[in-house]
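*Asks:* There's a structure below that I have some questions on.
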(Lines give C-alpha, C1' and ligand atoms only; values in the text may rest on other atoms or scores of the structure.)
Protein backbone atom coordinates (compact mmCIF):
# COMPACT_ATOMS: atom_id res chain seq x y z
CA UNK A 1 0.00 0.00 0.00
CA UNK A 2 1.38 3.27 -1.02
CA UNK A 3 2.10 5.70 1.74
CA UNK A 4 0.24 9.02 1.91
CA UNK A 5 2.13 12.08 0.71
CA UNK A 6 3.95 14.05 3.35
CA UNK A 7 2.46 17.42 4.26
CA UNK A 8 4.39 20.49 3.07
CA UNK A 9 7.05 21.70 5.47
CA UNK A 10 5.91 24.37 7.90
CA UNK A 11 8.00 27.57 7.56
CA UNK A 12 9.91 28.57 10.63
CA UNK A 13 8.97 31.79 12.49
CA UNK A 14 12.13 33.46 11.25
CA UNK A 15 11.15 32.92 7.64
CA UNK A 16 7.55 34.01 8.04
CA UNK A 17 8.04 37.09 10.20
CA UNK A 18 7.80 40.38 8.33
CA UNK A 19 11.03 42.36 8.74
CA UNK A 20 10.61 45.92 9.99
CA UNK A 21 13.19 48.65 9.61
CA UNK A 22 14.19 48.18 13.23
CA UNK A 23 14.65 44.41 12.78
CA UNK A 24 16.92 44.99 9.78
CA UNK A 25 18.97 47.49 11.81
CA UNK A 26 19.07 46.19 15.37
CA UNK A 27 21.06 49.31 16.42
CA UNK A 28 18.63 51.82 14.91
CA UNK A 29 17.15 52.81 18.26
CA UNK A 30 20.52 54.01 19.48
CA UNK A 31 20.26 56.96 17.09
CA UNK A 32 17.56 58.34 19.35
CA UNK A 33 19.99 58.74 22.23
CA UNK A 34 23.06 61.02 22.45
CA UNK A 35 25.25 57.96 23.00
CA UNK A 36 28.41 58.78 24.95
CA UNK A 37 26.96 62.30 25.12
CA UNK A 38 28.48 63.37 21.80
CA UNK A 39 26.48 66.59 22.15
CA UNK A 40 24.22 67.99 24.83
CA UNK A 41 20.48 68.13 24.13
CA UNK A 42 18.90 71.55 23.81
CA UNK A 43 17.33 71.14 27.23
CA UNK A 44 20.84 71.22 28.70
CA UNK A 45 22.24 74.02 26.58
CA UNK A 46 23.49 71.97 23.62
CA UNK A 47 22.35 71.58 20.03
CA UNK A 48 21.09 67.99 19.87
CA UNK A 49 17.42 67.09 19.27
CA UNK A 50 16.01 64.00 20.95
CA UNK A 51 13.85 61.94 18.59
CA UNK A 52 10.40 60.93 19.77
CA UNK A 53 10.14 57.27 20.74
CA UNK A 54 7.74 54.87 19.07
CA UNK A 55 5.59 52.30 20.90
CA UNK A 56 7.79 49.51 22.19
CA UNK A 57 11.00 51.56 21.88
CA UNK A 58 13.25 52.75 24.65
CA UNK A 59 12.38 56.29 25.74
CA UNK A 60 15.43 58.48 24.92
CA UNK A 61 14.70 60.61 27.96
CA UNK A 62 15.06 57.57 30.21
CA UNK A 63 18.36 56.68 28.59
CA UNK A 64 19.52 60.27 28.92
CA UNK A 65 18.66 60.23 32.60
CA UNK A 66 20.78 57.11 33.01
CA UNK A 67 23.68 58.72 31.18
CA UNK A 68 23.37 61.82 33.33
CA UNK A 69 23.51 59.69 36.44
CA UNK A 70 26.71 58.10 35.16
CA UNK A 71 28.14 61.54 34.38
CA UNK A 72 27.66 62.63 38.01
CA UNK A 73 29.44 59.64 39.54
CA UNK A 74 32.63 60.50 41.37
CA UNK A 75 33.91 63.51 43.30
CA UNK A 76 33.45 67.08 41.93
CA UNK A 77 36.87 67.14 40.31
CA UNK A 78 36.21 63.88 38.47
CA UNK A 79 32.77 65.06 37.34
CA UNK A 80 34.17 68.38 36.11
CA UNK A 81 37.04 66.65 34.34
CA UNK A 82 34.58 64.36 32.56
CA UNK A 83 32.58 67.32 31.31
CA UNK A 84 35.75 69.17 30.35
CA UNK A 85 37.12 66.23 28.36
CA UNK A 86 33.82 65.89 26.51
CA UNK A 87 33.92 69.63 25.78
CA UNK A 88 37.50 69.42 24.56
CA UNK A 89 36.63 66.55 22.23
CA UNK A 90 33.76 68.56 20.77
CA UNK A 91 36.00 71.61 20.47
CA UNK A 92 38.43 69.60 18.33
CA UNK A 93 35.47 68.66 16.12
CA UNK A 94 34.63 72.40 15.87
CA UNK A 95 31.33 71.86 17.66
CA UNK A 96 31.92 74.95 19.72
CA UNK A 97 28.37 75.50 20.99
CA UNK A 98 28.16 71.96 22.32
CA UNK A 99 31.60 72.34 23.87
CA UNK A 100 30.43 75.50 25.66
CA UNK A 101 27.47 73.51 26.99
CA UNK A 102 29.75 70.97 28.67
CA UNK A 103 32.09 73.60 30.15
CA UNK A 104 29.09 75.52 31.47
CA UNK A 105 27.52 72.40 33.01
CA UNK A 106 30.74 71.69 34.85
CA UNK A 107 30.90 75.23 36.23
CA UNK A 108 27.21 75.38 37.12
CA UNK A 109 26.88 71.93 38.66
CA UNK A 110 30.11 71.43 40.60
CA UNK A 111 32.04 74.67 40.11
CA UNK A 112 31.65 75.82 43.69
CA UNK A 113 33.32 72.61 44.88
CA UNK A 114 36.32 72.91 42.53
CA UNK A 115 39.69 74.47 43.18
CA UNK A 116 40.48 77.89 41.73
CA UNK A 117 42.75 76.38 39.10
CA UNK A 118 40.10 73.88 38.01
CA UNK A 119 37.58 76.68 37.56
CA UNK A 120 40.16 78.77 35.71
CA UNK A 121 40.77 75.89 33.31
CA UNK A 122 37.04 75.62 32.57
CA UNK A 123 36.69 79.39 32.05
CA UNK A 124 39.71 79.28 29.80
CA UNK A 125 38.28 76.43 27.71
CA UNK A 126 34.94 78.20 27.40
CA UNK A 127 36.62 81.47 26.41
CA UNK A 128 38.37 79.65 23.55
CA UNK A 129 35.05 78.28 22.25
CA UNK A 130 33.37 81.68 22.54
CA UNK A 131 36.25 83.27 20.67
CA UNK A 132 35.84 80.81 17.80
CA UNK A 133 32.12 81.64 17.61
CA UNK A 134 32.78 85.39 17.60
CA UNK A 135 31.14 85.81 21.02
CA UNK A 136 33.76 88.37 21.98
CA UNK A 137 31.91 89.77 24.99
CA UNK A 138 31.43 86.29 26.48
CA UNK A 139 35.05 85.46 25.70
CA UNK A 140 36.25 88.55 27.56
CA UNK A 141 34.04 87.77 30.57
CA UNK A 142 35.54 84.30 30.83
CA UNK A 143 39.07 85.66 30.39
CA UNK A 144 38.35 88.19 33.12
CA UNK A 145 37.48 85.33 35.46
CA UNK A 146 40.74 83.58 34.60
CA UNK A 147 42.83 86.72 35.05
CA UNK A 148 41.05 87.78 38.23
CA UNK A 149 42.28 84.72 40.15
CA UNK A 150 45.84 84.21 39.01
CA UNK A 151 47.62 82.96 42.12
CA UNK A 152 45.79 80.38 44.16
CA UNK A 153 49.09 79.26 45.73
CA UNK A 154 49.96 82.68 47.24
CA UNK A 155 52.42 83.42 48.88
CA UNK A 156 54.15 80.82 46.73
CA UNK A 157 54.61 81.79 43.07
CA UNK A 158 52.03 80.54 40.56
CA UNK A 159 52.54 77.09 39.12
CA UNK A 160 53.58 76.57 35.53
CA UNK A 161 50.04 75.40 34.67
CA UNK A 162 48.59 78.52 36.28
CA UNK A 163 50.92 80.74 34.26
CA UNK A 164 49.89 78.93 31.06
CA UNK A 165 46.23 79.66 31.79
CA UNK A 166 47.07 83.32 32.39
CA UNK A 167 49.04 83.60 29.15
CA UNK A 168 46.26 81.98 27.12
CA UNK A 169 43.69 84.29 28.69
CA UNK A 170 45.78 87.35 27.82
CA UNK A 171 46.23 86.10 24.27
CA UNK A 172 42.50 85.43 23.80
CA UNK A 173 41.62 88.77 25.40
CA UNK A 174 43.87 90.53 22.91
CA UNK A 175 42.21 88.77 19.97
CA UNK A 176 38.70 89.53 21.22
CA UNK A 177 39.53 93.17 21.97
CA UNK A 178 41.11 93.57 18.55
CA UNK A 179 37.98 92.20 16.89
CA UNK A 180 35.86 94.67 18.88
CA UNK A 181 38.05 97.57 17.78
CA UNK A 182 39.36 98.19 21.31
CA UNK A 183 42.91 98.40 20.07
CA UNK A 184 44.55 100.19 23.00
CA UNK A 185 43.14 97.57 25.40
CA UNK A 186 44.29 94.79 23.06
CA UNK A 187 47.80 96.23 23.01
CA UNK A 188 47.78 96.40 26.81
CA UNK A 189 46.87 92.70 27.03
CA UNK A 190 49.69 91.86 24.60
CA UNK A 191 52.15 93.93 26.64
CA UNK A 192 51.16 92.02 29.77
CA UNK A 193 51.56 88.74 27.89
CA UNK A 194 55.00 89.80 26.69
CA UNK A 195 56.04 90.77 30.23
CA UNK A 196 54.95 87.40 31.59
CA UNK A 197 56.82 85.58 28.81
CA UNK A 198 59.97 87.53 29.69
CA UNK A 199 59.60 86.76 33.40
CA UNK A 200 59.30 83.05 32.58
CA UNK A 201 62.32 83.10 30.26
CA UNK A 202 60.21 82.56 27.15
CA UNK A 203 60.72 85.91 25.45
CA UNK A 204 61.82 84.16 22.27
CA UNK A 205 58.36 82.57 21.85
CA UNK A 206 56.43 85.85 21.56
CA UNK A 207 53.06 84.08 21.25
CA UNK A 208 51.24 87.35 20.61
CA UNK A 209 53.46 88.49 17.74
CA UNK A 210 50.88 87.88 15.04
CA UNK A 211 48.06 89.53 16.98
CA UNK A 212 50.31 92.50 17.80
CA UNK A 213 51.06 92.98 14.11
CA UNK A 214 47.33 92.92 13.35
CA UNK A 215 46.56 95.41 16.14
CA UNK A 216 49.34 97.77 15.05
CA UNK A 217 48.09 97.59 11.46
CA UNK A 218 44.56 98.43 12.60
CA UNK A 219 45.85 101.29 14.74
CA UNK A 220 47.82 102.73 11.82
CA UNK A 221 44.75 102.41 9.58
CA UNK A 222 42.57 104.11 12.20
CA UNK A 223 45.08 106.94 12.65
CA UNK A 224 45.22 107.44 8.90
CA UNK A 225 41.43 107.55 8.63
CA UNK A 226 41.27 110.06 11.47
CA UNK A 227 43.94 112.18 9.78
CA UNK A 228 42.05 112.01 6.47
CA UNK A 229 38.83 113.08 8.19
CA UNK A 230 40.62 115.97 9.88
CA UNK A 231 42.02 117.06 6.50
CA UNK A 232 38.58 116.82 4.85
CA UNK A 233 37.14 118.92 7.67
CA UNK A 234 39.93 121.48 7.24
CA UNK A 235 39.33 121.72 3.50
CA UNK A 236 35.59 122.14 4.05
CA UNK A 237 36.16 124.80 6.70
CA UNK A 238 38.79 126.73 4.72
CA UNK A 239 36.85 126.34 1.48
CA UNK A 240 33.63 127.71 3.00
CA UNK A 241 35.54 130.64 4.49
CA UNK A 242 37.11 131.39 1.09
CA UNK A 243 33.71 131.29 -0.66
CA UNK A 244 32.19 133.55 2.03
CA UNK A 245 35.03 136.05 1.56
CA UNK A 246 34.63 135.93 -2.22
CA UNK A 247 30.88 136.56 -1.94
CA UNK A 248 31.43 139.44 0.47
CA UNK A 249 33.85 141.05 -1.97
CA UNK A 250 31.14 140.73 -4.65
CA UNK A 251 28.61 142.61 -2.55
CA UNK A 252 26.66 139.71 -1.09
CA UNK A 253 25.01 140.49 2.25
CA UNK A 254 24.32 137.43 4.43
CA UNK A 255 24.42 136.44 8.12
CA UNK A 256 27.75 135.21 9.38
CA UNK A 257 27.83 131.40 9.15
CA UNK A 258 27.87 129.53 12.47
CA UNK A 259 28.15 125.91 13.53
CA UNK A 260 24.34 125.79 13.88
CA UNK A 261 23.64 127.60 10.59
CA UNK A 262 26.55 126.85 8.25
CA UNK A 263 26.95 128.47 4.87
CA UNK A 264 24.24 127.38 2.39
CA UNK A 265 22.57 125.19 5.02
CA UNK A 266 19.19 125.62 3.26
CA UNK A 267 20.44 124.60 -0.17
CA UNK A 268 18.74 121.46 -1.57
CA UNK A 269 20.98 118.43 -1.84
CA UNK A 270 20.49 118.21 -5.61
CA UNK A 271 21.73 121.78 -6.16
CA UNK A 272 25.35 122.92 -5.90
CA UNK A 273 25.49 126.27 -4.03
CA UNK A 274 27.83 129.10 -5.10
CA UNK A 275 31.33 127.69 -5.54
CA UNK A 276 34.64 128.37 -7.22
CA UNK A 277 34.88 127.36 -10.87
CA UNK A 278 36.78 124.03 -10.74
CA UNK A 279 38.19 124.62 -14.24
CA UNK A 280 39.88 127.85 -13.17
CA UNK A 281 41.04 127.25 -9.58
CA UNK A 282 44.82 127.26 -9.08
CA UNK A 283 46.68 123.95 -9.04
CA UNK A 284 47.14 124.24 -5.27
CA UNK A 285 43.34 124.14 -4.86
CA UNK A 286 42.50 121.10 -7.01
CA UNK A 287 40.29 118.46 -5.37
CA UNK A 288 42.57 115.78 -6.79
CA UNK A 289 45.34 116.64 -4.32
CA UNK A 290 45.64 113.62 -1.96
CA UNK A 291 44.35 114.16 1.54
CA UNK A 292 47.66 112.99 3.01
CA UNK A 293 51.21 112.53 1.72
CA UNK A 294 51.66 109.16 -0.04
CA UNK A 295 54.46 108.44 2.44
CA UNK A 296 55.55 110.11 5.70
CA UNK A 297 58.91 111.01 4.13
CA UNK A 298 57.46 112.46 0.90
CA UNK A 299 59.13 115.84 0.26
CA UNK A 300 57.27 116.91 -2.89
CA UNK A 301 53.79 116.83 -1.32
CA UNK A 302 52.03 120.20 -1.20
CA UNK A 303 48.90 120.38 0.97
CA UNK A 304 45.64 121.70 -0.42
CA UNK A 305 44.98 125.43 -0.14
CA UNK A 306 41.70 127.31 -0.52
CA UNK A 307 41.36 129.35 -3.74
CA UNK A 308 41.95 133.11 -3.48
CA UNK A 309 38.75 135.22 -3.35
CA UNK A 310 39.23 136.62 -6.87
CA UNK A 311 38.83 133.13 -8.36
CA UNK A 312 35.67 133.11 -10.57
CA UNK A 313 32.51 131.74 -8.97
CA UNK A 314 29.61 129.71 -10.32
CA UNK A 315 26.08 130.44 -9.05
CA UNK A 316 22.70 128.76 -9.20
CA UNK A 317 20.29 131.39 -10.58
CA UNK A 318 16.53 131.79 -10.37
CA UNK A 319 14.76 133.37 -13.37
CA UNK A 320 11.30 134.73 -12.55
CA UNK A 321 8.89 135.16 -15.46
CA UNK A 322 5.87 136.84 -13.87
CA UNK A 323 3.99 137.53 -17.13
CA UNK A 324 4.09 133.94 -18.34
CA UNK A 325 0.84 131.97 -18.24
CA UNK A 326 1.08 130.67 -15.60
CA UNK A 327 3.93 132.67 -13.97
CA UNK A 328 7.05 130.51 -13.77
CA UNK A 329 10.25 130.35 -11.80
CA UNK A 330 13.07 128.52 -13.56
CA UNK A 331 16.39 127.46 -12.07
CA UNK A 332 19.71 127.68 -13.88
CA UNK A 333 21.83 125.14 -12.02
CA UNK A 334 25.25 126.61 -12.90
CA UNK A 335 25.80 130.19 -14.09
CA UNK A 336 29.52 131.18 -14.23
CA UNK A 337 30.03 134.81 -13.28
CA UNK A 338 32.08 135.31 -16.47
CA UNK A 339 29.14 134.21 -18.66
CA UNK A 340 26.73 136.78 -20.15
CA UNK A 341 23.04 137.01 -19.44
CA UNK A 342 22.42 136.49 -23.13
CA UNK A 343 24.14 133.11 -22.72
CA UNK A 344 21.85 132.35 -19.79
CA UNK A 345 18.71 133.15 -21.76
CA UNK A 346 19.91 131.13 -24.74
CA UNK A 347 20.56 128.11 -22.50
CA UNK A 348 16.89 128.25 -21.50
CA UNK A 349 15.60 128.61 -25.06
CA UNK A 350 14.70 132.28 -24.72
CA UNK A 351 15.50 135.17 -27.04
CA UNK A 352 17.48 138.05 -25.55
CA UNK A 353 16.00 140.39 -28.17
CA UNK A 354 12.49 139.92 -26.77
CA UNK A 355 13.21 139.39 -23.05
CA UNK A 356 14.50 142.07 -20.67
CA UNK A 357 16.17 141.10 -17.38
CA UNK A 358 16.14 143.04 -14.09
CA UNK A 359 17.76 142.59 -10.71
CA UNK A 360 16.85 144.03 -7.25
CA UNK A 361 19.55 145.07 -4.77
CA UNK A 362 19.56 144.94 -0.98
CA UNK A 363 18.29 148.55 -0.86
CA UNK A 364 15.50 147.69 -3.34
CA UNK A 365 17.13 149.40 -6.28
CA UNK A 366 16.11 147.78 -9.57
CA UNK A 367 18.95 147.40 -12.06
CA UNK A 368 18.37 146.76 -15.75
CA UNK A 369 20.58 143.95 -17.07
CA UNK A 370 21.91 144.05 -20.61
CA UNK A 371 22.25 140.78 -22.50
CA UNK A 372 25.96 141.38 -23.10
CA UNK A 373 26.78 142.01 -19.43
CA UNK A 374 28.41 139.25 -17.38
CA UNK A 375 27.12 138.17 -14.00
CA UNK A 376 30.36 139.39 -12.42
CA UNK A 377 29.86 142.95 -13.72
CA UNK A 378 26.25 143.05 -12.54
CA UNK A 379 27.28 141.92 -9.07
CA UNK A 380 29.94 144.63 -8.95
CA UNK A 381 27.38 147.24 -10.04
CA UNK A 382 25.02 146.22 -7.25
CA UNK A 383 27.53 147.39 -4.66
CA UNK A 384 28.24 150.77 -6.27
CA UNK A 385 26.39 153.74 -4.75
CA UNK A 386 26.60 157.49 -5.07
CA UNK A 387 28.65 159.47 -2.62
CA UNK A 388 26.79 159.92 0.65
CA UNK A 389 24.40 157.03 0.05
CA UNK A 390 24.17 153.99 2.31
CA UNK A 391 26.13 150.92 1.22
CA UNK A 392 24.26 148.50 -0.99
CA UNK A 393 24.65 144.93 -2.16
CA UNK A 394 22.48 141.93 -2.85
CA UNK A 395 21.12 138.93 -1.01
CA UNK A 396 21.18 135.27 -1.93
CA UNK A 397 17.61 134.17 -2.54
CA UNK A 398 16.72 131.41 -0.06
CA UNK A 399 20.29 131.72 1.15
CA UNK A 400 21.96 130.11 -1.88
CA UNK A 401 20.89 131.55 -5.29
CA UNK A 402 21.09 134.73 -7.39
CA UNK A 403 17.66 135.87 -8.58
CA UNK A 404 16.59 137.92 -11.62
CA UNK A 405 13.31 138.86 -13.27
CA UNK A 406 12.52 138.53 -16.97
CA UNK A 407 9.68 140.37 -18.71
CA UNK A 408 8.79 140.88 -22.38
CA UNK A 409 10.20 143.98 -24.07
CA UNK A 410 6.68 145.38 -24.39
CA UNK A 411 4.58 148.03 -22.68
CA UNK A 412 3.09 145.30 -20.48
CA UNK A 413 6.57 144.37 -19.34
CA UNK A 414 7.45 148.02 -18.65
CA UNK A 415 4.25 148.50 -16.65
CA UNK A 416 4.95 145.45 -14.55
CA UNK A 417 8.47 146.64 -13.72
CA UNK A 418 7.23 150.12 -12.74
CA UNK A 419 4.67 148.57 -10.43
CA UNK A 420 7.36 146.30 -8.98
CA UNK A 421 9.60 149.28 -8.22
CA UNK A 422 6.77 151.00 -6.34
CA UNK A 423 6.09 147.89 -4.33
CA UNK A 424 9.77 147.60 -3.44
CA UNK A 425 9.96 151.20 -2.27
CA UNK A 426 6.89 150.67 -0.11
CA UNK A 427 8.45 147.57 1.42
CA UNK A 428 5.69 145.31 0.10
CA UNK A 429 7.32 143.69 -2.91
CA UNK A 430 5.09 141.43 -4.95
CA UNK A 431 7.91 138.89 -5.34
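The values are calculated or read from the model by the stated rules, or taken from the named source; none is laboratory data. The structure displayed is predicted, hence computed values, not measured ones. Neighbour counts run over all protein chains shown; Cβ positions are idealised from the backbone, glycine included.
*Asks:* How many of the residues in the range 272-288 are in a loop (DSSP other than H, G, I, E, B) and loosely packed, with under 15 Cβ neighbours inside 10 Å? Before the answer, list the steps.
*Replies:* Looking only at the range 272-288, we keep the residues that are in a loop (DSSP other than H, G, I, E, B), and these are 272-274, 277-282, 286-288.
Applying the additional criterion that residues be loosely packed, with under 15 Cβ neighbours inside 10 Å yields 278-280, 282, 286-288.
Final tally of qualifying residues: 7.
*Asks:* Another question, if that's okay. Among the residues of the range 199-219, write down those that are outside any loop (DSSP other than H, G, I, E, B) and at pLDDT 95 or above.
*Replies:* Of all residues in the range 199-219, those outside any loop (DSSP other than H, G, I, E, B) come to 199, 209-219.
Hits for the range 199-219 are 209, 210, 211, 212, 213, 214, 215, 216, 217, 218, 219.
*Asks:* From 317, 271, grab the single residue that is in the same structural domain as residue 360 (by TED's automatic domain parsing) and under 17 Å from residue 336 (Cα atoms). Spell out how you get there, then give the answer.
*Replies:* Numbers: 271 fails: in the same structural domain as residue 360 (by TED's automatic domain parsing).
Result: 317 is the single residue among 317, 271 that is in the same structural domain as residue 360 (by TED's automatic domain parsing) and under 17 Å from residue 336 (Cα atoms).
*Asks:* Please enumerate the residues belonging to the range 245-271 that are in a loop (DSSP other than H, G, I, E, B) and either touching a strand residue (DSSP E or B) at 6+ places or on another chain (Cβ under 8 Å) or surrounded by 15 or more Cβ atoms within 10 Å (Cβ to Cβ) (or both).
*Replies:* Start the filter on the range 245-271 by keeping residues that are in a loop (DSSP other than H, G, I, E, B), which leaves 250-251, 253-271.
Correct list: 250, 251, 253, 254, 257, 263, 264, 267, 271.
*Asks:* Output the number of the condition that residue 201 fails; it satisfies all remaining conditions of (1) surrounded by 13 or more Cβ atoms within 10 Å (Cβ to Cβ); (2) on the phi > 0 side of the Ramachandran plot.
*Replies:* Checking residue 201 against (1) surrounded by 13 or more Cβ atoms within 10 Å (Cβ to Cβ); (2) on the phi > 0 side of the Ramachandran plot, the one that fails is (1).
*Asks:* Looking at the range 372-388, is at least one residue modelled with pLDDT of 90 or more and assigned to a strand (DSSP E or B)?
*Replies:* Yes, there is a match, as at least one residue in the range 372-388 is modelled with pLDDT of 90 or more and assigned to a strand (DSSP E or B).
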